[in-house]
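Structure, as structure tokens:
The values are calculated or read from the model by the stated rules, or taken from the named source; none is laboratory data. Quick caveat, the model's predicted, so the values are computed rather than measured. Cβ placement follows ideal geometry from the backbone for every residue including glycine, while neighbour counts extend to all protein chains displayed. Protein only, heavy atoms only, side chains kept; ligands, DNA and RNA dropped before computing areas. Shrake-Rupley method; radii C 1.70, N 1.55, O 1.52, S 1.80 Å.
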Amino acid sequence: MNTNQVVIRLSQACPTPTELSKHVGRITGLIDAPNFAKLMSSLGIESNPRQPKESSVTREIYETLDKNPDRFHLMSKGILVSSSACEILERNRFKLNFDNNDFAQPGILDGGHNTFAIAKHLLGYILDETELRRIKDWDSLVTAWKAHIEGLEELFQHAAGQDGTHEFRFLVPIEIIFPRISDDKENDETLEV
């Protein structure tokens, strides 16, 4: 599913200053549905030790998204994403790279079940119940996602109001980690895996 690079915008973002972490960059924040969909189209699950699947946990996440979307960010740990590189742009935008560079294993490190449930919830806006029930594991989710991403993008465009808001009111907590390149050669040697 990896398309190597994506630019996402976070609704709220807090990058860790370089002075606090010389080797590992970290950004915490909140991501909305359209930007989550962009990220989902680029992410892999290979870095996560568990393959997400339909379960009682994912069903509880669907229920929260249906009944309390405005409070979802207060009721979920969200997702932890590893990127092989991150460029901080203006206006809370970040260019993430998901190339496997033998140093970073990019993708979802934690929150695979959250990612699965949120993506399936979004697909529920465009798929009928029969199609939605066929999505039971990560592989079937990815197949459906690839087949319907254009439909989701159109839905997001049509759902956007005059004021820039949309009906997808939930926000997802997100943490992005990435290796920083140091100018100090001695310290670079300690980064080798």
Residue in segment 85-108 that is modelled with the lowest pLDDT, counting only those that are buried (at least 20 other Cβ atoms within 10 Å of the Cβ) and not in a strand (DSSP E or B): A104
Residue match in segment 11-20 (condition: open to solvent by less than 70 Å² (accessible area, probe 1.4 Å), without any contact (Cβ under 8 Å) to a residue 60 or more places away in the chain and either hydrophobic (A, V, I, L, M, F, W, C) or assigned to a loop (DSSP other than H, G, I, E, B) (or both)): yes
Scan of segment 59-84 for residues that are surrounded by fewer than 15 Cβ atoms within 10 Å (Cβ to Cβ) and assigned to a loop (DSSP other than H, G, I, E, B), ordered by number: N68, K77
